[in-house]
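What follows is one structure encoded as structure tokens, with my remarks underneath.
The values are calculated or read from the model by the stated rules, or taken from the named source; none is laboratory data. Only a predicted model underlies this, so the values are computations on that prediction, with no experimental measurement involved. Cβ placement follows ideal geometry from the backbone for every residue including glycine, while neighbour counts extend to all protein chains displayed. These accessible areas exclude ligands, DNA and RNA; they are computed on the full protein's heavy atoms, side chains included. Shrake-Rupley method; radii C 1.70, N 1.55, O 1.52, S 1.80 Å.
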Amino acid sequence: MLFRSYIHRLLGDFMANITHEFRTPLAALEASSELLLDNLHSLSQAELEELLISLNLGIINLQTLIDNLIEAASIEAGRFKVSLQPVRFDVILDEALKTIQPLASKYSLQLISQPIEDSAVVMADQRRTVQALVNLLSNAIKHSPENGSIRIEHELIEKHLRVEIIDEGSGVPLGQRGNLFRRFVHLDTENERARQGAGLGLSVVKEIVEAQQGEVGITELQEGGTSFWFTLPLVNGRAQE
């Protein structure tokens, strides 16, 4: 009975959270689109740009939530599979950065990435790896102070590419790190932005990375901030010449 009660409470909390996560961007989309339609001919260029950015952000939030829900359902049903092909990592990173840039701009955050070597060709499912990167970048944005920066670094280590997403947040309490990659987990924090979301993003990252024979983890930085990292196998087990 206690276990059943716990499951019902967990499901209830999840449904309430999902409802909120859908309602918020939908409400923003509705308000922005109505304002755009009602005042189309009287809005200035700056006002039009602001409304279009708001619409774009709402779409990004909804798309990310839907993608994670689909993946979580696929994982739960045992149908989750990846399609591995050789792909240049710079292509994956560029797509992820284009997707997440509007959200970073909203909080005046700078996304800094070092040039990617042409030799960094990985065996990966491109679409799902982009999704994993978007989830990690979105997580970094939630925990970063406004007007700060998020760094994306990489390193070729023997047979793998190691990628780090480094934020300037307050870090993750030691006692909470073990649960970070579990579903429906939210950090115990006063940061309202960090509590947003369905609690699925990092668990989906873990499944995607491990399905591609990679590893994922977190490192607390001495100078402050947090590094979420993951690895992917290089094509033929080495950097491409």
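Taking the criterion of being touching a helix residue (DSSP H, G or I) at 6+ places or on another chain (Cβ under 9 Å) and either among the charged types (D, E, K, R) or under 13 Å from Ala124 (Cα atoms) (or both), the residues of region 207-227 that qualify are Glu207, Ile208, Val209, Ala211, Gln212, Gly214, Glu215, Glu220.
Within this structure, Leu10 fails the test of being in a loop (DSSP other than H, G, I, E, B), of a type outside the set (S, T, N, Q) and either open to solvent by 40 Å² or more (accessible area, probe 1.4 Å) or at pLDDT 70 or above (or both). How do the strands (runs of 3 or more DSSP E) wholly within region 57-128 filter down when requiring 3 or more residues that are open to solvent by less than 50 Å² (accessible area, probe 1.4 Å) and touching a strand residue (DSSP E or B) at 6+ places or on another chain (Cβ under 8 Å): which remain? Once the strands (runs of 3 or more DSSP E) in region 57-128 are filtered for at least 3 residues that are open to solvent by less than 50 Å² (accessible area, probe 1.4 Å) and touching a strand residue (DSSP E or B) at 6+ places or on another chain (Cβ under 8 Å), what remains is 121-124.
Rundown of residues vs (1) of a type outside the set (Phe, Trp, Tyr); (2) over 17 Å from Ser113 (Cα atoms); (3) within 13 Å of the chain's Cα centre (by Cα), yes/no style:
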position: Leu137; (1), (2), (3): yes, no, yes
position: Lys142; (1), (2), (3): yes, yes, yes
position: Gly148; (1), (2), (3): yes, no, no
position: Arg162; (1), (2), (3): yes, no, no
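Pairing residues of region 67-79 that are of a type in the set (A, V, I, L, M) with residues that are surrounded by 14 or more Cβ atoms within 10 Å (Cβ to Cβ) and modelled with pLDDT of 80 or more, at Cβ distances under 6 Å and at least 6 apart in sequence or on separate chains, gives Ile75/Glu207.
Within region 208-226, can one find any residue that is outside any strand (DSSP E or B), at positive phi and either modelled with pLDDT of 85 or more or not small (Gly, Ala, Ser) (or both)? Yes: one or more hits.
Taking Gly237 as the residue in question, decide whether it is open to solvent by less than 10 Å² (accessible area, probe 1.4 Å), more than 15 Å from the chain's Cα centre (by Cα) and modelled with pLDDT under 90. Answer is no for this residue.
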